Amino acid sequence: GELIWQEDKYFDRPGTWWALHTHIVHNPGFAAGWMWFFNSFAVERFDRATCLENLSRHLQMTQTRQPSPKTLQRDLNCLLSTYSRTIPPKPQDPEDGHGCPFRELGLMTHFSTSGYFQLNSAPKKIAPEILGFVLSTAFPTAAQGKGTTDILLQDAVRQPGSPGRVFLLNPESLFDVVSKCDANSGPKTGISLAGLAGERSIRIRQRAPIDWMR
């Protein structure tokens, strides 16, 4: 928070929003639904009822005390409205200010005619520093040390808290994102592709998450 206040107090940079989104996903004590949705819910196309049923089943298995159905429904509605862009867009007074800036991340679409939601697993415009921030947050070996470490591409897609989970990227999409980071500023930022085609890895300079944010 102090770093954002010093460097981007008006939230002008897209990387600030990606960083805030990452913090929410990594905060089970304050946003358990967010952590479950991005790390465990693996349905690309769904409706509210399916999502709610899956969340309820997850909590039954992991928590001794489950919130009331109304509380769960409110939390889920909040999560979905935070990220989803509605197609076709609904008429809205621009002075109402109901649109959440997280929708600009392009993670989810809501089709109003059918009621279904669709996750977006396509490549996204993500700064190399933000990719490093998420990798060092998810993988302790990337956050400690003074050299470099290799993270298997498949682990960077599937492991909880990884870029594949946080940014909703499949293996091809993450490969595209890392390739662009490598080509555009790899030597400068310390992120590159390594390994052969069958065992692709992300080679990352070891830094603490806050250093990637700086």
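If the only charges are +1 at each Lys and Arg Cβ and -1 at each Asp and Glu Cβ, what is the size of the charge dipole of the stretch 94-177 around the Cα centre, to the nearest 20 debye?
So the magnitude is around 200 debye.
By what distance, in whole Å, do the Cα atoms of the chain stretch along each of the three principal axes, largest value first?
Projected onto its principal axes, the Cα set of the chain covers 49, 42, 33 Å.
Roughly how big is the stretch 15-81's charge dipole about its Cα centre, with Cβ charges of +1 (Lys, Arg) and -1 (Asp, Glu), in debye to the nearest 20?
It works out to roughly 180 debye.
With everything on Cα atoms, drop me the angle between helix 171-189 and the longest principal axis of the chain, reported from 0 to 90° to the nearest 10.
For helix 171-189, the angle is close to 50 degrees.
Any chance you could give the angle, 0 to 90 degrees and rounded to 10, that helix 14-25 forms with the longest Cα principal axis of the chain?
Orientation of helix 14-25: about 70 degrees from the principal axis.
State the answer as a single residue: which of Thr22, Trp212, Ser136 lies farthest towards the positive end of the charge dipole of the chain, with beta carbon charges of +1 for Lys and Arg and -1 for Asp and Glu, about the Cα centre.
Going by the charge dipole, the pick is Ser136.
All other residues with a Cβ under 11 Å from the Cβ of Phe139 taken together, and with Lys, Arg as +1 and Asp, Glu as -1, what is their net charge?
Residues close to Phe139 contribute a combined charge of -2.
As an exercise, use a Förster radius of 41 Å and the Cβ-Cβ distance of Lys180 and Ser68 to find the FRET efficiency, rounded to the nearest 0.05.
My answer for the efficiency is 0.35.
Strictly over 20 Å apart at the Cα level, which of Lys9/Lys146; Lys9/Lys188; Lys125/Lys180; Lys146/Lys188 would you flag in this model?
From the list (Lys9/Lys146; Lys9/Lys188; Lys125/Lys180; Lys146/Lys188), the Cα-Cα distance tops 20 Å for Lys9/Lys146; Lys9/Lys188.
When the dipole is taken about the Cα centre of the chain, and only Lys, Arg (+1) and Asp, Glu (-1) are charged at their Cβ, what size is it in debye, to the nearest 20?
Once rounded to the nearest 20, the dipole reads 300 debye.
Rank Phe38, Gln63, Thr82 by how far each Cα sits towards the positive end of the charge dipole of the stretch 4-158 (+1 on Lys, Arg Cβ; -1 on Asp, Glu Cβ) and give me just the farthest.
Most positive-ward Cα: Gln63.
How large, in Å, is the stretch 1-66 by the Kirkwood hydrodynamic radius built from its alpha-carbon pairs?
One over the average 1/r among Cα pairs gives 13.9 Å for the stretch 1-66.
Each value in this text was obtained by applying a stated rule to the coordinates, not by laboratory testing. Just so it is clear, the model here is predicted, and its values are computed rather than measured. Don't worry about glycine lacking a Cβ; one is built from the backbone with ideal geometry, like all the others, and counts go over all protein chains shown.
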